[in-house]
Every structure is written in C-alpha cells, then in structure tokens.
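Report on the following structure.
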Amino acid sequence: MLKKIAFLTFFLLCGVSVYAQLQQNIRGVVYDKESKTPLVGVVVSLNEKGSTIGTVTDEQGGYILMNVPVGKVSVAYNYVGYQQVVLSNILVTSAKEVLLNIEMEESATKMQEVEVKAKKEYINEMALVSAKTFDVQETERYAGSRADPARMASNFAGVHGADDSRNDIIIRGNSPQGILWRLEDVDIPNPNHFAIPGTTGGPVSMLNNKTLANSDFFTGAFPAEYGNSTAGVFDLKMRNGNNKRHEITGQLGFLGTELAAEGPLSKKSGASYLFTYRYSTLKLFEGLNIKIGTNSIPNYQDAALKLNLPIGKKTNISVFGIGGLSKIDLIVSKLTEQPEELYGESDRDQYFSSNTGVGGVSFHHLIDKNTYTKAVIVQSVNDITSRHDKVFRDANYMVDSLKHVLGYRFNIQTTTAHWFVNKKLSARSVVKAGIINNYYRVIMTDSSRQFPVSRQDWQHRLDYEGRTALLQLYAQYKYRPSNALTFTGGLHGQYLTHTSEFVIEPRLGMRWRTSDKSVVTAGYGLHSQMQPLYQYFAHLPTAASTDMHNYDLGFTRSHHAVAGYEYVFSKVLRLRSEVYYQYLFNVPIETLAGSSFSGLNQGASFSRLFPNKLVNNGTGYNYGLELTIEKFFHRNFYMLATGSVFDSKARGNDGVYRNTDYNTKFATNLLAGYEPKLGKNSVLLTGVKITYAGGRLYSPPDVAASNATGDLVIVETQRNTLKFPDYFRADMRLGIRINARRFTHEIAADLVNVFAIRNVLSISYNADLAAQGAYPFVKNYQLGFLPLFYYRIDFGSGKK
C-alpha cells in the first residue's frame, strides 16, 4: 500500500514515467591536501558493483562523472603516490548536480601506489583528535536536528543541549559561552536569531544549511590556529555555487519559507553565485490573516550570499556574507488568565530585537606548487535591543498599570582580518603560520529598575562607547614519519589591547594507525578566552560610568588533555572512544566572601549577567569518557549511538568545588533511520532519535530573600545541590523524496518530543503568586510535542 501511495504522489507531482531510471552528474576538483594545488590525472570512478562510470582529472584538477543513477553512491579517487579516498553515501538527485571538491594526501612513504582507504573525518589538516566533520546532509537526515548545525552537533558524543527552545552547545560540561563560531576562516558573532549578549546560541539558527559545505567541529585540544575558546570550535565553510548550470530550490516549512539559487556568472572563468533568503512562515501566515493562536509571533528573516571569482589558474577571490533580522513582542498584559506555560516572564511585556550581519572578502593565491596564502577581511555588526514593562494586576487578574522597568542596547561592530601562509615542505611535513585581528567598536547601554518592585529610580549598569581589539598569532607544524603516524605541534598567542594581557599557548597532537582496523589518538592544548565584552565595560549602579569594576579582568584559561581509540569492525561499522581531562583556571569569581559564583556557570539563558567585582582566582575541572558506535548508511539503514559520562565542577570564592550548571553526569543518544527505495526514483525517509540524559541541576530558593527582592534568589551555600528528573525525549522523522526530470520533491515532517514528555527546565519566581501569599516559585518546562513540516522542490536548468 505504501508503494502505491508513493507512486501515485509521484505521478501527481511530476507527470512522468516512474519506470525510467533518472540520472545526474557528479563534478568537482581534486586538490593536494596540504598545498591546495590541483592534481592532474587522478582516476575518479563510481565505486559501485558493476559500474563502468569513470574519468580522470584534467589539467585544472577537474572531473565529471556523467549519467550517475539517482540514489546513494560511492566515489573512489586514486592517484599514484597518494592515499586513496573513498566517499560513501553521496546523495544524487535528479534536479541538482553533485559538486564534490576533494583533497588527497600524499603518501609519506614513496611507493608506486598507495591502497589505504580513508573516510574523511576532518577537513583541517592539523586536526588529529576530538574533531568531527559536520556533514550538511546529516542536519536533515537526523530526526530532531531541524536543519540546524548546532542542534545536529548535539548528537555527537560529549555534546548536549541546555534548553529545547535554544540551540546552545554544551561540550564536556563546559558553558556554551566557551564556543567559538567561525565562518570562512574568521571569527563571527553569534549566528542565531534572538541572540542574547554573552551567549553563543539562540532559538533559531541564522545559518542556512543549503549554503554550507562540510565543516569541522572540535570538542577539545584543537589546533593552534584557533584561539579565544575554552570549550570547542565550529569552523564553518560556505560552498561555491554551481559554475555550469543554474539551480533553484524553494521550500515551505514551519521554521521558514525560503528560496535558494545558484549558477554560473561566467562559464569561461568558472565564476559562480550562491544565494538564499528565508522569512518566518508564521509571520507570513499572520500577514495573510491566517490565525496562529497567539499574538507573539516570532518575526525573523535571513539571507546568505557567496560569489566565487577565479582569476586565472592561481588566484581566487570570493565575496560572502550572512545576515539576519529578528524581532518578537511578548505581550502578557493582554492575557486574561495565568498561562500554564509561557516563553518569557509572565509578569511583563517584552519587546526584543536582534540583528546580525557578516560580510567579507577572501583572497586565495598559489605562490608555487607547494605554497599558498590566504587573506580574509570581514565586517560584522551585532545590534540587540530590549524593553520590559512590568504588568501590575488586581485580584481578578485584570491589568492595573504598566511600568517601564528595563531597557538595553548592545551594538558591536567588528572588523576581522586573517592572513596566513601554508607551506608543504615535503610529503611528510607541512608548516602554517598566520595572524588574526578582531577590532571591536562597541556602544552599550543597560538600565534597570526591576527589583525590588517598588523601585522608582533607575539603576544604570552600562553606559559605554569605545574600542578594543584582540590580536592573535599562530604557527603550527605537521610531521608524518610514515603513513600510519602523524604528529602536530604549534603555538598560539593572543593579546587583548584594553587589558594589555598577552598569553602563549602550546598545542600538540598525535594520530597513530596501529593496524588496518585501529587508530590511537592523543592531544594536549592550553586555551584562553576573553570574557563577554559587556562585562568589561559595566559599572556598579552606585558608581560613575567610567568606573568599570571589571575592566582589567583577564582571560579564562584551560588545559585540555585527550586520548582516543578507534576500531573499524567493517566497512560500515566503527567504534570511537575518547577520555579527557580539562583543568580551568583564572576563572572569574566574585570578591565577596563566601560567594559560590563562578564564571563557568553563565552563557545559556535569555538573560545578561552583571556580577559584582570579579577576580581571576577561580578554578574548575571536567573529566569524562565518550563512546560512539556508528553504522554508516548501508542497505538503506544507518545507526548512530553516542554516550558520555562526565563530571564538571567549579570553585568560587568560598573555596568549595560545586557542580556546574551543566554537570548532568551523563548524556546518551540513539539515532537510526531506514530509507528504502520506492520504485527506481523515489525514497521513503524515516528516522528516530532517542535522547536520555541526566536532569538539570538547580539551587534551592531563598523564599524570604526572593520575596524581598521580587526575583529568584538562591541559597548561596547550596548552589546546584538539587536535580530535576532525568531528561527523556523521542523524535521522529517521516518523509518522501521523489525524483523527476529536472525536479526533485521532498516532503517531510519532524515530530519533536512525540511522547510529549514534560521535561523540567528551571524554576522561576512568580510575583503574582507571591502577591497572593502562595509559594512564589513555579516550574518551567521544556518544549512539548512539536510537529515541524516542510516541502522542498529543487529545479535545475541547462544541459547536464
């Protein structure tokens, strides 16, 4: 019955014969991994039983495999003196050509031909440990990922989220604040809609997976070129548009209505464009007078662009950018009864906007066959504003009055430049060195009269306009004494101008293939990170705006040590494990005697934090074990199981090591999917994800102090001693992909939290309950059942 329905849908959408086997092309360029020079004469073939499709790369390293059947295929790349590369599970559809640019690594031991098969685990050639390649296809294949790179990353071992309504990345018990986002080799601001100052996550990603290439994700001991991070790095790359034919994608879904286009600007030079635009579907429905059921509609839109402009055979220039506008008004004064669940606080109207833009130019030049250089310059802006009006009600829950209690604006304009040179000294060794400068121009204001409720005078906490800069330098070296053994080493230095602090950090890595089936890895790194910019320039409400009490705060620093083991059971089944220890020092803590505050506990909420006087005297540690079992897509089935057990502690001024906010002790994920063919050209898409993790920690509230303040006040000596029930969530994905001539249709639904489990997120203070003399604290819950749908159509024009 299911096949009959699929074939009928196919006919209705496409009106073509289901019996004709549809085909498409696979194109790309093959490069030397270290020198980035094109490789001529590489044998490229379809690695499928009985296939005779194959070719060799031309003088520019280009190749094309024609008439490849739609579906999942494998492609093999062979070249004398280089390690063989086999890419599996490449998705081929009828509408769009597949573009695969590949890097091959020269053999460290000279021989006529190398027969070592390699599945590409990371893109950065210096990455040997705690690195994972982010596969764009996985953001849509994995249930619950919502086409979001950050949410997809939570499937990796050692990574989990903090809040279902946000995509914060918690790595190995670290605060999400420790994450570094990069795009096209430069640091970028938080790439999420509705982003809060000092955080790295948000409710909706601004990144569009249709513009991204496979990218690197690091969870510890990362290479020397990465700085200003103590937890992890998401190093994103944008792909180039198709430079031979125009292709268009349209998509309608719960999370956005979008359009993507790509194609050649000049077929002669190989120049191309890639563009996407997305608008909030719910806001679109509201504009069409379709009732949504709430007046608090999230209004957001984003766009991305990349122009790739080759100049001759040695030089390439690209222009790129991403940007997003987001706004939401949470109006509770119109409610006539207390809601059971509400995003935002129930006693105030909130008006919030967050706008982010990143635009840049990159220059890539081959100096000679073994040396290349790259320079990137980017201008970014992040502008966040908010206003809160306190709602006063009478005994009948009718609005009595409104009071403006909070207002802030954070505007950060950043000019970032990154220049480096990469030199392949021999088949065994590579050296890379570069310099990065982030120049910040900030305008920040923040005033409050929230607490106590009776306060009439404004407490001004931030009123600053000025500049600062973070300068980074690095050098790293890779040495391979044999094909089985690789070492990396490097130094990273960074200097913050307004504090005049300079640090140097060593980085080391090792990867040893002990046999055809097993690999041992190890790594060490010293890492540093600046504090959230606004905390440097804040002042106490009783002090002058020029008396910034944390202006000279130093970097938070961290030692990372990691060891790993990988074992390949077969071509489609692999085990990976890592054990790690992280010691954090120079952590900001309060000078107040007996305070348990630690800077390691911030960065995963919708609030900013204005602590008292801080000093870099705190410490912390994380240690744990991670395990991954992965069955690659084979015979229409895939499976990924990840698990981690860990401990995360921080010490404040009271000298006591306490659980951090993120010390849930364990996190597990099980993902599986089955994608059988329906006829020759269609595929049924199914997937499930089950997450089971330790419950969030919280602190017992001080009722008397909370009532006096009008906000949650914890018992300081019992911070994070209580725990909510363990977290459980099951997600499901159902869909169908239909290939037709020139068109590919995909219809799917992501069913988030299919069992509607009420996972507890936090507790908060409720002023209305307090006014009634009741217990003033309520539990806030994670997302309930959330069905997300989309329909996508791809179209390709021009000759294949």
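The values are calculated or read from the model by the stated rules, or taken from the named source; none is laboratory data. Bear in mind the structure is a predicted one, so any value in this text is a computation, not a measurement. With ideal geometry, Cβ positions are generated from the backbone for all residues, glycine too; neighbour counts draw on all protein chains shown. Calculation scope for accessible area: heavy atoms of the full protein, side chains included, ligands and nucleic acids excluded. Shrake-Rupley method; radii C 1.70, N 1.55, O 1.52, S 1.80 Å.
Below, the figures for the structure above:
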read-out: Where a label projected 7 Å from the Cα of ALA213 along Cα→Cβ would reach, residues of segment 239-276 with amide N under 16 Å; value: 239-244, 263, 270-275
read-out: The chain: calculated mean residue ellipticity at 222 nm from DSSP helix runs of at least 4, using -39500 (n - 2.57); value: -1500 deg cm²/dmol
read-out: Efficiency of FRET between PHE789 and ASP58 - r from beta-carbon atoms, R0 41 angstrom, step 0.05; value: 0.40
read-out: In nm, spacing of pseudo-spin labels at HIS246 and ASP726 (7 Å Cα→C-beta vector); value: 5.6 nm
read-out: Label-to-label distance, nm, for residues given as GLU465 and TYR351 (7 Å Cα→Cβ offset); value: 2.2 nm
read-out: Dipole of the chain, positive end: most advanced residue of LEU425, VAL453, VAL30 [Cβ charges, Cα centre]; value: VAL30
read-out: Antiparallel bridges, percent of DSSP beta bridges restricted to the chain (to nearest 5); value: 95 percent
read-out: Using alpha carbons only: equivalent-ellipsoid semi-axes of the chain, gyration tensor based, whole Å; value: 44, 32, 25
read-out: Estimated dipole of the chain in Debye, rounded to 20 [Cβ of Lys and Arg +1, of Asp and Glu -1, Cα centre]; value: 2720 debye
read-out: Segment 751-765 - phi-based ³J(HN,Hα) in whole Hz, Karplus 6.51/-1.76/1.60, Gly and Pro as x; value: 9, 8, 6, 4, 8, 6, 5, 8, 7, 7, 9, 6, 10, 9, 8
read-out: Gain on full stretching of the segment that runs from ASN396 to GLU716 - 0.36 nm per residue minus C-alpha separation; value: 111.6 nm
read-out: Added length on full extension, which subtracts the Cα-Cα distance from 0.36 nm per residue, SER74 to HIS404; value: 112.7 nm
read-out: Computed over segment 695-794: relative contact order in percent, which uses C-alpha pairs under 8 Å that are six or more apart; value: 27 percent
read-out: Accessible carbon and sulfur surface of segment 181-274 relative to its total accessible area, %, 1.4 Å; value: 60 percent
read-out: Lys/Arg +1, Asp/Glu -1 at C-beta; the chain dipole; positive extreme among LEU65, LEU252, PHE646; value: LEU65
read-out: Three-way shape label, segment 669-800, alpha-carbon gyration tensor, a/c 1.5; value: prolate
read-out: Principal axis dimensions, segment 418-547 - Cα atoms, whole angstrom, descending; value: 72, 31, 18
read-out: Loop trypsin sites (Lys or Arg not before Pro), segment 506-536 (other Cβ atoms within 10 Å of the site Cβ: 16 or fewer; DSSP); value: LYS517
read-out: Apportionment of accessible area to carbon and sulfur, segment 680-800, percent (1.4 Å); value: 63 percent
read-out: Those residues of segment 771-800 whose amide nitrogen sits under 13 Å from the label point placed on PHE254, 7 Å along Cα→Cβ; value: 783-791
read-out: Only Lys, Arg (+1) and Asp, Glu (-1) charged, at Cβ; segment 123-166 dipole about Cα centre in debye; value: 60 debye
read-out: Given charges at Cβ of Lys, Arg, Asp, Glu: segment 230-354 dipole, positive-most of ALA231, VAL319, PHE285; value: VAL319
read-out: Cα-based helix-to-principal-axis angle, 2-14 vs the chain, degrees rounded to 10; value: 80 degrees
read-out: Accessible area (Å², 1.4 Å probe, nearest 10) - VAL579; value: 80 Å²
read-out: Debye intensity ratio in log₁₀ form over the Cα atoms of segment 605-647, taken at each q of 0.18, 0.24 Å⁻¹; value: -0.78, -0.91
read-out: Carbon plus sulfur fraction of accessible area for segment 413-493, probe 1.4 Å, in percent; value: 59 percent
read-out: Distant alpha-carbon pairs in segment 372-415 (separation over 14 angstrom), percent; value: 68 percent
read-out: Cβ-Cβ FRET estimate between ALA475 and ASN411, R0 fixed at 22 Å, reported to 0.05; value: 0.05
read-out: Kirkwood Rh (inverse of mean 1/r, distinct Cα pairs), segment 759-800, angstrom; value: 14.9 Å
read-out: Residues of the chain: accessible area per residue with a 1.4 Å probe, Å²; value: 40 Å²
read-out: Gain upon complete extension [SER762, LYS313; 0.36 nm per residue less C-alpha separation]; value: 155.9 nm
read-out: R0 of 22 Å, Cβ-Cβ distance GLN456-THR591: FRET efficiency to nearest 0.05; value: 0.15
